[in-house]
Amino acid sequence: MLAVCGGVGGAKLAFGLQEEVGAALTVMVNTGDDFTHLGLAISPDIDTVLYTLGGLADPVRGWGRAGETWQFMTALRQLGGEDWFQLGDLDLAMHVERTRRLAGGERLSAVTADTARRLALAARVLPMSDEPVRTTVETSQGRLAFQHYFVRERCMPSVLGLRFEGAERARILPELADLLADDALCAVIICPSNPYLSIDPILALPGMREALARCAAPVVAVSPLIGGQAVKGPTAKIMGELGLAAGSAAIARHYAGLVDGLVVDTADAADADRVLAFGLSCMVAPTLMKGPQERVALARQCLAFAHELDAKRRAERPEETQPWSRSWTEQDSGPSCP
Ligand code: GDP
């Protein structure tokens, strides 16, 4: 099965999915946030997913590694270096090693997959593309590179629009294109990442929307809003700046035509009818993932919802074979899926 993921919010659900299906999980990660800083190739969302799924993430900050120290930053500051982007001493090893391997001609996907193996992840973690895509933000203060907007300016400038530079020339990673075209794919879960900053760069890749709409598996998205508010980060602020009312209806409109179902939080149960009005199925469930138990519980709900949607589709179109449904029904022991 495939999880579509940005950084902190998405990685929490990806962790729960890994607990549930292990090596059957592939995580497709946004690279629109990637940038070169101090000569280092930094992929913030990939690193958040690797650290989270590897059990290495800092549980309080949500990003970076647990047990981190900051001697490098202290020394850099002393020398008058750029210090607006925090690079911990442990984290630095990731960027130095990735930079070395990319400079040696390796693909980002190969480096990422190998790092996942070295960190003993069960899941396969892959960038959405090996070609660079760079998110830029049109703001009240002019055009900003993504990390300048997000970290240096702390998301303060108003967002007027978003561009995904290079997306039109980037190709969906071939392994991911193959998985999306695989008739045996059993579920696609769009994690509760920021739809505009984290998921849209993935959807901007040529052919991605079509691949998702066409894929044999049910596609389920989880809303990143609870009670119309983001759990963390600027999702609701950006929605307001883009003229959207922050709530499940706007998230449903955003994903309409792409996903079969949307999971909304119990706090937003009253929005279910508005989600249905966009032609999506709706599941109401607790979506706040405070710790590992909630991550696993939400992963289970998502898989159950996907299974339900799959069964519904099978009943409506019995001529189509749905491999996941078949294995589920025969074994009655949950999904065994690629
Ligand atoms: P980033 O790239 O590190 O900013 O992270 P993402 O884009 O993956 O995630 C940011 C989004 O995750 C925000 O919109 C949050 O509201 C959402 N989020 C974070 N934690 C949770 C949670 O426990 N439940 C839900 N439903 N959304 C969450």
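The values are calculated or read from the model by the stated rules, or taken from the named source; none is laboratory data. As the structure is a computational prediction, the values presented were derived from the model and not from experiment. Cβ atoms come from the backbone with ideal geometry, glycine included; neighbour counts cover every protein chain shown. Accessible surface areas use protein heavy atoms only, side chains included; no ligands, DNA or RNA. Shrake-Rupley method; radii C 1.70, N 1.55, O 1.52, S 1.80 Å.
Name the pairs whose Cβ atoms lie under 9 Å apart, with the first residue in segment 184-203 and open to solvent by less than 10 Å² (accessible area, probe 1.4 Å), the second within 13 Å of the ligand (Cβ to nearest atom) and among the charged types (D, E, K, R), and 6 or more positions between them or separate chains?
Close Cβ pairs satisfying both conditions: Cys191/Lys12; Ser193/Asp45; Leu197/Asp33; Pro201/Asp33.
Taking Thr287 as the residue in question, decide whether it is of a type outside the set (Lys, Arg), open to solvent by 20 Å² or more (accessible area, probe 1.4 Å), more than 26 Å from Met156 (Cα to Cα) and within 15 Å of the ligand (Cβ to nearest atom).
no
When residues of segment 207-241 are filtered for being of a type outside the set (Gly, Ala, Ser), under 26 Å from Ala170 (Cα atoms) and more than 11 Å from the ligand (Cβ to nearest atom), how many remain?
Adding up the residues that qualify gives 9.
When the residues of segment 299-338 are narrowed to those that are at pLDDT 85 or above and touching a Phe, Trp or Tyr at 6+ places or on another chain (Cβ under 7 Å), which ends up farthest from Phe15 (Cα to Cα)?
So the residue we want is Asp310.
Name every residue in segment 146-163 that is closer than 16 Å to Ser198 by Cα, touching an Asp or Glu at 6+ places or on another chain (Cβ under 9 Å) and either open to solvent by less than 40 Å² (accessible area, probe 1.4 Å) or assigned to a loop (DSSP other than H, G, I, E, B) (or both), in order of residue number.
Selection gives Phe146, Gln147, Val159, Gly161.
Restricting the search to segment 109-136, which residues are open to solvent by less than 20 Å² (accessible area, probe 1.4 Å), of a type in the set (A, V, I, L, M, F, W, C) and part of a helix (DSSP H, G or I)?
Val111, Ala116
Please work out if Ala236 is free of Cβ contacts under 8 Å to residues at least 12 places away in the same chain and in contact with a strand residue (DSSP E or B) (Cβ under 9 Å, 6 or more places away or on another chain).
It is true that Ala236 is free of Cβ contacts under 8 Å to residues at least 12 places away in the same chain and in contact with a strand residue (DSSP E or B) (Cβ under 9 Å, 6 or more places away or on another chain).
For segment 87-96, what are the residues that are open to solvent by 70 Å² or more (accessible area, probe 1.4 Å) and within 16 Å of the ligand (Cβ to nearest atom)?
none
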